[in-house]
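Presented below is the structure to which this report refers.
Computed from the coordinates by the stated procedures, all read-outs in this text should not be read as laboratory data. Bear in mind the structure is a predicted one, so any value in this text is a computation, not a measurement. Methodologically, a virtual Cβ is constructed for each residue, glycine included, from the backbone with ideal geometry; neighbour enumeration extends over all protein chains shown.
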Amino acid sequence: MEKLNHHQWHIFWVTCAVVAFAIVCRLWVLLPLYADSSVRASSQTLILATATREGWLLSGITIDDITDDHIRVLYRSYLRGEDPVTCHNISFTTGKRTSCDDF
């Protein structure tokens, strides 16, 4: 019984470490949003303007990556059947949307 309990604790801590690693990786990619309020404000404005211009629902937009010159978003359009996901880069300077394949 004691050995089984010890084994369960190992599984628990390994699971916690894997989950923590996944969360830290995601936070690291989105660090500019958390660290810089000007990036956060400009990203919000840019995403809202793009969603309005393209007719996108905000609930379908996921931020994938942020760099100094662009933001990469994934958009899932809600259609009947399987929802297609498209990848887009939006420039901070021009506001122009390009496909991830074109970038």
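Under the simplified labelling scheme, the residue 6-residue 67 pair shows an inter-label distance of 5.1 nm, with each label point 7 Å from Cα along Cα→Cβ.
Taken along the Cα-to-beta-carbon direction at a fixed 7 Å, the label points for residue 30 and residue 91 span 2.6 nm. Over the chain, dividing the summed -39,500 (n - 2.57) contributions of all DSSP H runs of at least 4 residues by the number of residues returns a 222 nm mean residue ellipticity of -16500 deg cm²/dmol.
When DSSP beta bridges are restricted to pairs lying wholly in the chain, around 100% turn out antiparallel.
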